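All remarks here apply to the structure that follows.
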Amino acid sequence: MLVSAKEMLQKAKAGHYAVGQFNINNLEWTKAILATAQECNSPVILGVSEGAGKYMTGYKTVVGMVKGMMEEMNITVPVALHLDHGSFEGCLKCVEAGFSSIMFDGSHYPIEENVAKTKELVKICAEHGMSLEAEVGSIGGEEDGVIGMGECADPNECKMIADLGIDFLAAGIGNIHGKYPANWKGLSFETLDAVQKLTGDMPLVLHGGTGIPTDMIKKAISLGVSKINVNTECQLAFAEATREYIEAGKDLQGKGYDPRKLLAPGAEAIKKTVKEKMEIFGSVDKA
Ligand code: 13P
């Protein structure tokens, strides 16, 4: 059964660890992430961007696939199915399709509009027993067409949004989607510290988990980060393993072209990446 991410993140915040959100793109991704969460006895959040949702033919397909897989694979660890960087309309569609959690990304609106729209979704999520993530201060870079400048969040605006009754908050702290550029200045721990001081128990979310050094991840967790999003790193691991398989000519040997063989090294690479992240985030054996 899918669960809201509220309880798992409150536990993570109290226990000083973080739960990973791993974005899914297709069956291989979903299967690899669910299998790893079960093996690691870790709670997990499956992230779906609007672009990935569309790619998988729509949110109802995603819900059907995830629910079916959880049953067939005997997944017993807590799993939340979460819309990543949703528009207001996208959020409503996921509520209807049966997601257990949504993120409304109103960071590009003036704060008053972000507050008004987030407030409306707080009510809707409460009615459906779903969890809600909101965002203040944009995440830099680009993810599936969502582009952000990467400005740090204003801690007072974070408090305004947190007080609306959301379940967890993404605050921009200099983090970027995709690979970090060589001249990246690092995370702004001053901003994170100030946000946590004003928002208290609210679990904080760190987007752009790909490529953040382990010491920075650990420091962010110590300052209240309880959810870390990883997307690009699984894509890079999958692509590299698949390239190696093809460059070694394995698709031309026997029935090496069978998709179950061709995509297997990539799926294994995703599992390895997810396991490493769960160990660093401290969510192993926290199911
Ligand atoms: P990365 O692709 O940089 O890991 O970011 C993932 C993310 O933040 C999803 O919202």
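Any read-out appearing in this document is the output of simple, stated calculations on the displayed coordinates, not a laboratory observation. Everything numeric in this text was worked out from a predicted model, so none of it was measured. So basically every Cβ, Gly included, is an ideal-geometry build from the backbone, and we count neighbours across all protein chains shown.
Which pairs break 31 Å Cα to Cα here: Lys218/Lys272; Lys117/Lys197; Lys250/Lys286; Lys67/Lys250? Over 31 Å Cα-Cα: Lys250/Lys286; Lys67/Lys250. Here the simple spin-label model places points 7 Å from the Cα toward Cβ, and for Glu127 and Ala287 these points are separated by 3.4 nm.
Can you give the log10 of the normalised intensity I(q)/I(0) at q = 0.19, 0.20, 0.22 Å⁻¹, computed with Debye over equal Cα scatterers of the range 192-243? Evaluating at q = 0.19, 0.20, 0.22 Å⁻¹ gives log10 I(q)/I(0) of -0.66, -0.71, -0.79.
For the range 28-84, the Cα gyration tensor yields ellipsoid semi-axes of 20, 12, 9 Å (square root of five times each eigenvalue, largest first, whole Å).
Relative to the dominant Cα principal axis of the chain, helix 189-199 is inclined by about 60°. Every Cα-Cα pair in the range 98-138 was counted, and those over 15 Å apart are 36% of them. By the Kirkwood approach, averaging reciprocal distances over each pair of separate Cα atoms, the range 136-200 gets a hydrodynamic radius of 12.3 Å.
When both bridge partners sit in the range 85-194, DSSP labels roughly 25% of those beta bridges antiparallel.
Using the Cβ-Cβ distance between Asp258 and Tyr55 with R0 set to 22 Å, the FRET efficiency works out to roughly 0.45.
Nearest-5 percent of antiparallel DSSP beta bridges in the chain?
Taking every DSSP beta bridge with both residues in the chain, the antiparallel ones total about 10 percent.
For the residues Glu135, Glu247, Glu39, a GNM of the chain with alpha-carbon springs under 10 Å puts the largest fluctuation on Glu247. Under a 5 Å amide H cut-off, with hydrogens placed 1.01 Å from N, Val19 pairs with Lys227, Ile228 among residues at least 5 apart or on other chains.
Could you tell me the ratio Rg/Rh of the range 67-222? Both radii from Cα atoms, Rh via Kirkwood. List each step's numbers first, then the result.
Values: Rg = 15.9 Å, Rh = 16.3 Å.
So for the range 67-222, dividing Rg by the Kirkwood Rh gives 0.98.
With one equal scatterer per alpha carbon and no solvent term, the Debye-computed log10 I(q)/I(0) for the range 1-157 at 0.16 1/Å reads -0.92. Computed from Cα positions, the angle between helix 264-281 and the longest principal axis of the chain comes to roughly 30 degrees. Rg then Dmax, both in Å and based on the Cα atoms of the range 188-287: 18.3, 61. Summarising the strand pairing of the range 30-155, around 20 percent of its internal DSSP beta bridges are antiparallel. Please work out, to two decimal places, the log10 of the ratio I(q)/I(0) at q = 0.11, 0.13, 0.22, 0.24 Å⁻¹ from a Debye calculation in which every Cα of the range 147-246 carries one identical scatterer. Log-scaled intensity ratios, in q order: -0.36, -0.49, -1.13, -1.29.
For the chain, the average shadow cast by the Cα convex hull is 14.3 nm², which is a quarter of the hull's surface. The Cβ shell under 12 Å around Ser222 holds other residues with a net charge of +1, Lys and Arg each +1, Asp and Glu each -1.
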